[in-house]
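Here is the structure we will look at.
Readers should treat all values here as calculations from the given coordinates under stated rules, not as data from a laboratory. Please read these numbers as outputs of a predicted model, since none were measured by experiment.
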Amino acid sequence: MMTDTVLKCKGLDILSEALGLVDTERFISLILREPFDYTEWQQNLYNNVSLETFYNNVKNFTPKTKKIGFTTD
């Protein structure tokens, strides 16, 4: 299990790679502004997605390689 600091750094890396710095800041601001139940959100996230579509999305996923250096390792 990683420390809280490492988890936060890796999370920021992932967000910034996927969204860019500006939208990462916006995302964090939105989360802090609104009450948010992550568990409920996660349970409903893929309700309208077929298993075949989900599988194809995962199979075709290519992560971006650009890093900005939030990680501590």
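Pull out a ≥ b ≥ c, the square roots of the eigenvalues of the alpha-carbon gyration tensor of the stretch 1-46, then state rounded if a/c is under 1.5, prolate if not and a/b is larger than b/c, and oblate in the remaining case.
Working: a/c = 1.65, a/b = 1.17, b/c = 1.41.
Since a/c reaches 1.5 but b/c is at least a/b, the shape of the stretch 1-46 is classed as oblate.
Taking 0.36 nm per residue of separation and subtracting the Cα-Cα distance, full extension of the segment from V49 to F61 would add 2.7 nm.
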